[in-house]
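The values are calculated or read from the model by the stated rules, or taken from the named source; none is laboratory data. Every value quoted in this text rests on a predicted model; they were computed, and no experiment measured them. Every residue, glycine as well, gets a Cβ built from its backbone with ideal geometry; the counts of neighbours run over all protein chains shown.
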């Protein structure tokens, strides 16, 4: 009985132990399942981490410029750099990491190292980003300009232990800026050396933005006085302001105006209130904020005075010359009493024809003179031939017909502002080529000579000659009418006929 009880007790204990072990086994299975789930989750996380790291590295490698992390020490010891560092410096990434071959500080230009450290440490101490342009020396010994930006990284939000940032190669931009600055300096030097006033204004309000030393000399205002002031308020008399304002509105909208691209003479105003003549040229310059006017002004006071003196001298010389020439012409007429006053009357008619044809005042003045001395060549013809009442021999006629060439030779050396020598040379030419001495025809004969030719014929036929009586004005006009378009220019002939048929009619 005792034995049975013992066995029963043992069996019970065994069952209890089995149950406990089964429970522990189930717990182990549960833990194993949990571990497996955790392991699988960790594997997924690792895969995601690797994928994200690949994306991050790809992103960093593709960022234009260098991405870096370095320690805040004397070497700027690099903890991380992307591959772009090699394209800028010529050195591989591995050279810089932990200063294995060289430190980043070693490639900073010696003249810039102190400046770089001061600016970075100032930004670090103030906990703000830094932006610095400085020079580095690459593997070939060439100097490169870089733009570096970055900010300190913190450990436990308080201790600054590294710098994160980017490095961009700005060599091309910097060299362009240096070249531009040098160009601007050369331009400024050239501008300062110019003897003419060089002024730049904004088109929207006409305010002065540039004023060279010559402008100060010419107008009397210093640079400080001129900058920002409207140009016309400063250097133009008030009576011109409205016209200038209207022109400025057009210029502001289109870069065009009354003065743009032209050389004009205007009245300038000095600081002391005195007015003086200036020569002005304006060109338009379009920038991002609108049009600018670049004006070059020259004080032409001295030139104007010289021109007036020259004009006075020219008038005096012209008067003396004309007096001499007319004296010669009068001498000719005295040698031939039958043609006394002929040249003066031809000049009067030729001048009237020229006016009716609408010629300029200058042309009319030239014709008046040319006609008044058209027979000056007769000074070389013997008086007995000029005054002979009978028929001339062929030789004598040849001498008479040489007077246009003789007159041309006398006058051709005189510097007239009109073709006077040609008028004298051609006044016996005819439209059909039948005239003398050159046998010119049509447009080969200058207009002035064509006018004098008609006036000469009319006056000669209307006047007495040693070899015939006067035929009268009707006969003279009939010759012009019949010779119209053949011997004489049609327009000139018509103008002559109109003068004598008008009210009042032309008279000598």
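Let's see how each residue does on (1) without any contact (Cβ under 8 Å) to a residue 60 or more places away in the chain; (2) under 37 Å from the mean Cα position of the chain (by Cα); (3) exposed (fewer than 11 other Cβ atoms within 10 Å of the Cβ); (4) more than 25 Å from residue 368 (Cα to Cα):
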{"residue": "275", "(1), (2), (3), (4)": "yes, yes, no, yes"}
{"residue": "280", "(1), (2), (3), (4)": "yes, yes, no, yes"}
{"residue": "287", "(1), (2), (3), (4)": "yes, yes, yes, yes"}
{"residue": "308", "(1), (2), (3), (4)": "yes, yes, yes, no"}
{"residue": "315", "(1), (2), (3), (4)": "yes, no, yes, no"}
{"residue": "319", "(1), (2), (3), (4)": "yes, no, yes, no"}
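Please state which one of 233, 205 is in contact with a helix residue (DSSP H, G or I) (Cβ under 9 Å, 6 or more places away or on another chain) and part of a loop (DSSP other than H, G, I, E, B). Quick ask: steps written out before the conclusion?
On the way: 233 fails: part of a loop (DSSP other than H, G, I, E, B).
From the options 233, 205, the qualifying one is 205.
Please go through the range 464-482 and give me each residue that is in contact (Cβ under 8 Å) with a residue 24 or more places away in the chain and under 21 Å from residue 440 (Cβ atoms), ordered by number.
First, pick out the residues of the range 464-482 that are in contact (Cβ under 8 Å) with a residue 24 or more places away in the chain: 464-467, 473, 480.
Selection gives 480 alone.
Does any residue of the range 117-136 turn out to be in contact with a helix residue (DSSP H, G or I) (Cβ under 6 Å, 6 or more places away or on another chain), more than 15 Å from residue 151 (Cβ to Cβ), surrounded by 12 or more Cβ atoms within 10 Å (Cβ to Cβ) and in the same structural domain as residue 170 (by TED's automatic domain parsing)?
Just the residues of the range 117-136 that are in contact with a helix residue (DSSP H, G or I) (Cβ under 6 Å, 6 or more places away or on another chain), to begin with: 130, 132, 134, 136.
Within this subset, residues satisfying the condition of being more than 15 Å from residue 151 (Cβ to Cβ) are 134, 136.
Okay, now just the ones that are also surrounded by 12 or more Cβ atoms within 10 Å (Cβ to Cβ), so 134, 136.
Imposing the further condition that a residue be in the same structural domain as residue 170 (by TED's automatic domain parsing) reduces the set to 134, 136.
The answer is yes; a qualifying residue exists.
Condition first: touching a strand residue (DSSP E or B) at 6+ places or on another chain (Cβ under 9 Å) and farther than 19 Å from residue 202 by Cα. Now tell me which residues in the range 220-238 satisfy that.
Listed by number, the residues that qualify are 237, 238.
Would you call residue 365 crowded, with 16+ Cβ neighbours inside 10 Å and assigned by TED's automatic domain parsing to the domain that holds residue 380? Before the answer, list the steps.
On the way: crowded, with 16+ Cβ neighbours inside 10 Å: no; assigned by TED's automatic domain parsing to the domain that holds residue 380: yes.
No: the conditions fail for residue 365.
How many residues does the range 485-495 hold that are surrounded by fewer than 18 Cβ atoms within 10 Å (Cβ to Cβ) and assigned to a loop (DSSP other than H, G, I, E, B)?
2
So, in the range 456-484, of the ones that are assigned to a strand (DSSP E or B) and in contact with a helix residue (DSSP H, G or I) (Cβ under 7 Å, 6 or more places away or on another chain), which residue ends up surrounded by the fewest Cβ atoms within 10 Å (Cβ to Cβ)? Even if it seems obvious, please write down each step before you answer.
Here is the first cut: in the range 456-484, the ones assigned to a strand (DSSP E or B) are 465, 468, 484.
Still in the list and also in contact with a helix residue (DSSP H, G or I) (Cβ under 7 Å, 6 or more places away or on another chain): 465, 484.
Working: 465: 15, 484: 19.
Among those residues, the one meeting the criterion is 465.
Any residue that is touching a residue at least 24 places away in the same chain (Cβ under 8 Å) and over 24 Å from residue 363 (Cβ atoms) - is there at least one of those in the range 420-432?
Yes, some residue in the range 420-432 is touching a residue at least 24 places away in the same chain (Cβ under 8 Å) and over 24 Å from residue 363 (Cβ atoms).
Consider residue 257 carefully, then state whether it is within 16 Å of residue 205 (Cα to Cα) and touching a helix residue (DSSP H, G or I) at 6+ places or on another chain (Cβ under 6 Å).
Numbers: within 16 Å of residue 205 (Cα to Cα): yes; touching a helix residue (DSSP H, G or I) at 6+ places or on another chain (Cβ under 6 Å): yes.
When the stated conditions are applied, residue 257 passes them.
Within the range 497-505, does at least one residue satisfy the condition of being within 20 Å of residue 428 (Cα to Cα) and touching a helix residue (DSSP H, G or I) at 6+ places or on another chain (Cβ under 7 Å)?
Checked the range 497-505: at least one residue is within 20 Å of residue 428 (Cα to Cα) and touching a helix residue (DSSP H, G or I) at 6+ places or on another chain (Cβ under 7 Å).
Please verify whether residue 458 is farther than 25 Å from residue 386 by Cβ and in the same structural domain as residue 367 (by TED's automatic domain parsing), treating the condition exactly as stated. Reasoning before the result, please.
Working: farther than 25 Å from residue 386 by Cβ: no; in the same structural domain as residue 367 (by TED's automatic domain parsing): yes.
Judged against the criteria, residue 458 is not a match.
Looking at the structure I just gave you, is residue 244 over 18 Å from the mean Cα position of the chain (by Cα), surrounded by 14 or more Cβ atoms within 10 Å (Cβ to Cβ) and at pLDDT below 90? Please lay out each step first, then the result.
On the way: over 18 Å from the mean Cα position of the chain (by Cα): yes; surrounded by 14 or more Cβ atoms within 10 Å (Cβ to Cβ): yes; at pLDDT below 90: yes.
The answer is yes for residue 244.
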